[in-house]
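A short write-up of the structure that comes next.
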Amino acid sequence: MLELANIRKVFNQGQHNEYWALKGIDLDIPPARVSVLKGPSGSGKTTLLTILGCLARPTEGRVRLNGEDISGLPERFLTEIRRRTFGFIFQQFNLIRGLSAIENIILPGYPGGTPRAQLLARAETLLADLQLAHRRDAKVEWLSGGEQQRVAICRALLNDPQILVADEPTANLDSKLSTEFLAILRRLAEAGRTVILTSHDPLVVESEVVDRVYSLRDGQLVEVVDTRRAWP
Amino acid sequence: MKPWIERQRHLIDFTAQSLARRKGKSLGLLVVYTLLVFVLASVALYTHALRNEATRVLAGTPEIVLQRLIAGRHDLVPPGYIEKIGRIRGVQKIEGRLWGYYYDSVLKANYTFMVATDREIAPGEIVVGPALERTRELSAGNGVSFRAYTGELHTFIVAEVLAHESELVSADLVLMNAADFRRFFAYPAGHHTDIALWVANPLEVRNVGVKLLDALPDSRPILREEVLRTYASIFDWREGMMLALLSAAILAFGIFAWEKAAGLSAEEKREIGILKAIGWETGDVIAMKFWEGFLVSLLAFLVGYVAAYVHVFHFEFALFAPVLKGWAVLYPSFALTPQIDGLQVATLFVFTVLPYTAATLVPIWRAATTDPDTVMRS
Ligand SMILES: Nc1ncnc2c1ncn2[C@@H]1O[C@H](COP(=O)(O)OP(=O)(O)O)[C@@H](O)[C@H]1O
Ligand SMILES: [Mg+2]
């Protein structure tokens with residue numbers, strides 16, 4: 001459903017420190033599955049993820065979403081697609097301090113102009129789903145790491161996106177919380193959502209939750225392994 | 001249309017929360033900003049009201065007042081002068097006036113005693129201005145005594161208190177019957193204080209003045225237009241001085257506001273990155289910041305303006321009165337008629353709200369257009 005064709009990405013082009021972070025990547029992310037981008041630090045995982053999630057544009061190559069080429073769209077349209085189609089979970093969670101959990105969760109709904117009551121109702125459903133209803137009005141800086149991540153997941157799901165994108169989601173979690181997080185991902189994938197992660201954490205890469213692993217090295221895709229479920 | 005409004009509501013919500021989250025910064029700015037509006041609005045309201053007042057005062061006065069001079073000083077107009085003027089073309093009406101000052105040693109205040117020409121006042125009765133109503137606690141039907149300069153005590157009944165509007169003219173006024181006036185001041189029979197002349201055509205006023213000088217060489221015609229000009233120049237000069245002082249204050253504020261509004265903290269930059277990453281457009285971020293600037297400056301404007309209104313019309317401009325001593329000397333104490341000039345409010349609004357709102361928007365441009373992927377790399 002999300003296809004990359006010959007993706008190349010350069011930083012600081014034309015300068016002495018010019019650096020090609022991605023050197024020609026072709027891949028096809030399957031729908032309703034959990035895919036992991038793995039590789040050593042600096043191999044280009046995050047860079048690739050930002051391109052998959054429409055946060056950044058490739059220097060060369062094409063990005064196709066559900067068969068439609070979206071690499072040439074103007075910023076406005078790309079933002080719109082990003083808001084509707086993708087939910088993001090960041091390594092540092094990136095919640096807004098000083099706001100309560102529920103206020104953080106409804107933020108992605110603001111630009112669409114959905115009435116507040118509707119946003120709140122949706123956020124409450126998500127919170128209840130992740131056993132976090134009791135923390136609804138707590139300021140996010142008072143939440144534990146695991147709770148913060150669950151708030152971040154709720155926020156990512158607010159606009160009911162097809163695709164969930166997470167960069168090193170377990171880097172700040174212990175093993176128990178990481179396992180819980182993977183369980184949440186499995187539920188989401190089984191409910192039809194596409195999940196894309198980056199990780200070099202063996203707990204994630206070797207988890208039975210994961211359906212496909214892409215191995216990156218020096219900006220190139222070196223291996224693709226299907227691990228779990230039978231492909232339709 | 002509906003989603004647009006809903007979206008703006010969300011953005012305003014968010015920005016209001018942001019202001020609340022950064023209480024120190026927001027409050028400091030609001031206080032300084034409100035003070036600035038307060039000072040500006042106070043001066044504007046005061047000068048405007050004062051000028052209006054003066055215009056209204058002079059509107060009721062005759063075009064020419066003729067005084068008699070002896071050794072260069074104002075003296076009584078002896079009998080027969082009005083007849084000597086005779087008929088001058090263009091003069092509608094001539095009237096001898098009777099007025100004088102009375103010092104009230106009880107309250108250490110000066111009153112203007114005057115014979116009303118436009119109304120009949122019964123013997124033994126007076127009509128007083130609002131200042132006397134206040135200081136001597138008079139109201140219609142009360143009796144009041146004044147000790148004349150001859151030493152004898154005269155008692156009058158207050159028939160009426162003058163309306164409060166336009167206190168600049170009427171505050172300390174005591175109107176009475178001509179016979180009472182002459183008796184009280186032992187005023188020589190047939191004499192007048194000065195002569196008032198009404199001229200219908202403004203173009204003829206100067207001509208009439210010249211003819212008056214011909215007929216009565218020992219007199220001085222005072223033209224209303226000259227008085228008006230003098231007033232206007234006093235007001236303008238005072239206002240100009242105030243404005244010079246103010247512009248320094250505004251400049252200081254500008255720098256202050258620029259620093260506060262323009263400098264985005266690292267925290268704010270981080271938040272903008274997050275918002276962009278979760279699907280806010282550059283336009284949403286800018287609109288959100290616009291609302292922030294607009295809300296702060298609008299609130300400051302409203303609070304500052306209302307405070308200035310109260311200051312000028314209920315506390316008689318007490319804070320800045322010393323700066324404007326000139327006017328205070330012109331007239332001791334009076335309450336101005338409250339009035340608001342739409343154009344003035346609009347001008348003040350434009351010069352305070354717009355620059356600040358703009359100042360908040362400029363720096364946001366760069367932050368708002370940064371690529372959303374930067375948030376992945378903190
Ligand atoms: N904005 C940038 N400017 C310059 N170099 C960058 C930038 N972002 C990433 N890089 C470089 O690209 C390479 C890949 O980075 P990244 O995708 O973050 O790797 P990973 O997530 O696998 O650790 C790294 O060598 C990094 O230094
Ligand atoms: Mg990375």
Go through A:25-36, B:147-158 and give me the packing order, highest mean Cβ count within 10 Å leading. A:25-36, B:147-158
Relative contact order, percent, the range A:2-226 [alpha-carbon distance under 8 Å, six or more residues apart]: 31
Out of B:Y309, B:Y46, B:Y102, any idea which swings most in a Gaussian network model of chain B, alpha carbons joined below 10 Å? B:Y102
Pairs of lysine residues in chain B - Cα separation under 29 Å, sequence separation of 8 or more or cross-chain: 19
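For the range B:56-151, just run the numbers: alpha carbon Rg, then divide by 2.2 N^0.38 Å, N being how many residues it has.
Against the compact-globule rule of thumb, the ratio is 1.35.
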Could you compute how fast the range A:1-74 diffuses translationally, taking Rh as the Kirkwood radius over C-alpha pairs and applying Stokes-Einstein at 4 °C with viscosity 1.567 mPa s? Give it in µm² per second. 100
For the range A:94-164, size of Cβ-based charge dipole, Lys and Arg +1, Asp and Glu -1, in debye: 100
dims of the range A:2-226, Cα set, principal axes, largest to smallest, nearest Å -> 49, 39, 35
Would you please give the residues with an amide H less than 5 Å from that of A:V36, counting only those at least 5 places away or on a separate chain, with H modeled from the backbone geometry? A:L197, A:R212, A:V213, A:Y214
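Which of the DSSP-defined H helices in chain B satisfy a minimum axial length of 27 Å, computed from C-alpha atoms, and a minimum mean Kyte-Doolittle hydropathy of -1.0?
B:2-21, B:23-59, B:224-257, B:282-314, B:342-368
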Tell me the relative contact order for chain B as a rounded percent, counting alpha carbon contacts under 8 Å between residues six or more apart. 28
If the convex hull is drawn through the Cα atoms of the range B:80-204, its volume per residue in Å³: 121
For chain B, would you read off the P(r) tail past 33 Å as a percentage of all alpha carbon pairs? 53
Inter-chain shielding metric for B:13-24, i.e. average beta-carbon neighbours from other chains within 10 angstrom, reads 2
Could you sort A:187-199, B:342-354 so that the peptide with the highest average Cβ count within 10 Å comes first and the rest follow in order? A:187-199, B:342-354
Lysine pairs meeting the criterion (Cα under 23 Å, 8 or more apart or interchain), as found in the range A:2-226: 6
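Every number in this text was worked out from the coordinates using simple rules, so none of it is lab data. Because the structure is predicted, anything quoted here is derived from the model rather than measured. A quick note on method: Cβ atoms are made from the backbone with ideal geometry, for glycine too, and the neighbour counts reach across all protein chains shown.
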